[in-house]
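Report on the structure given below.
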Amino acid sequence: MMRELEPYMKANAAIPQSSFCTIPESIIRLPTPEALETIIDDAVNTWLQNGTIIRASIDNGWNSPLTLAG
């Protein structure tokens with residue numbers, strides 16, 4: 001079985017670490033209730049204004065989705 005997987009493993013190993021997955025199915029989107037969108041927008045704007053967060057380029061390896069905890 002490993003012999004059959006070897007070409008795929010080599011192709012995977014050749015992907016640069018600085019790249020990101022462009023397969024649409026790889027992006028997980030969790031629905032946010034409309035009632036919380038304003039709260040999230042306000043928090044993000046506050047964080048941007050006080051320097052807690054900064055905008056990053058789309059291909060930055062540190063980009064990650066926000067998680068709301070309450």
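In the stretch 30-56, which residues are exposed (fewer than 10 other Cβ atoms within 10 Å of the Cβ) and either over 25 Å from P16 (Cβ atoms) or at pLDDT 90 or above (or both)?
L30, P31, P33, E34, A35, T38, Q49, N50, G51, listed by residue number.
Can you tell me which of (1) among the acidic types (D, E); (2) surrounded by 10 or more Cβ atoms within 10 Å (Cβ to Cβ); (3) not in a helix (DSSP H, G or I) is the one D59 doesn't meet?
Among (1) among the acidic types (D, E); (2) surrounded by 10 or more Cβ atoms within 10 Å (Cβ to Cβ); (3) not in a helix (DSSP H, G or I), the lone unmet condition for D59 is (2).
Any residue in the stretch 1-21 that is under 26 Å from N63 (Cβ atoms) sitting within a Cβ distance under 9 Å of a residue that is among the polar types (S, T, N, Q) and not in a helix (DSSP H, G or I)? List the pairs, counting only those 6 or more apart or interchain.
Final answer for the pair search is F20/N60; F20/N63.
Mind checking which residues of the stretch 22-63 are without any contact (Cβ under 8 Å) to a residue 12 or more places away in the chain, small (G, A, S) and within 30 Å of A11 (Cα to Cα)?
S26, A56, S57
The values are calculated or read from the model by the stated rules, or taken from the named source; none is laboratory data. Values in this document were obtained by computation on a predicted structure and should not be read as measured data. Virtual Cβ from ideal backbone geometry, glycine too; neighbours counted across all protein chains shown.
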